[in-house]
Amino acid sequence: MRLLLPLLIVMCSGCTHFAQDSWTGKDKAQHVVGSALLTIAGSEYGAAQHWSRAQSRQFGLMFAFTLGTGKELFDSRRAGSGWSWKDLSWDIAGAATGYSLWNAAHH
């Protein structure tokens, strides 16, 4: 976890531009729902591989976070909409929601 922030800073140093977006909007709901579903899908994958519940949840969480970060990197290219910390924040909120829902369903 201690390496996460420096890694993000290094990854964003190649960003060509940043988004000028708001905290609300249709795309923010899509980030939340998408990340929640990706977390649940990743957690289910882990369960299907007979991993422990903790390992499955962790995999699901990191799966969603990795894809969300990758999407922001894709958006940061010259032709993209720009890197959005707000989108990434909503991705994290969605991943946490998916993590909690999956955990509650498997408790």
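Each reported figure results from applying straightforward, stated rules to the coordinates on display, with no laboratory input. Remember, predicted model here, so these are calculated numbers, not experimental data. Cβ sites come from the backbone with ideal geometry, for glycine too, and all protein chains shown count toward neighbours.
Tabulated values for the structure
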| quantity | calculated |
| --- | --- |
| Selection count where residues are buried (at least 18 other Cβ atoms within 10 Å of the Cβ) and either aliphatic (A, V, I, L, M) or touching a Cys at 6+ places or on another chain (Cβ under 7 Å) (or both), scope segment 54-87 | 4 |
| Which numbered condition residue 83 fails, given (1) among the hydrophobic types (A, V, I, L, M, F, W, C); (2) touching a strand residue (DSSP E or B) at 6+ places or on another chain (Cβ under 8 Å); (3) more than 17 Å from residue 4 (Cβ to Cβ) | (3) |
| Single residue of 65, 59 found to be in a helix (DSSP H, G or I) and within 9 Å of the chain's Cα centre (by Cα) | 65 |
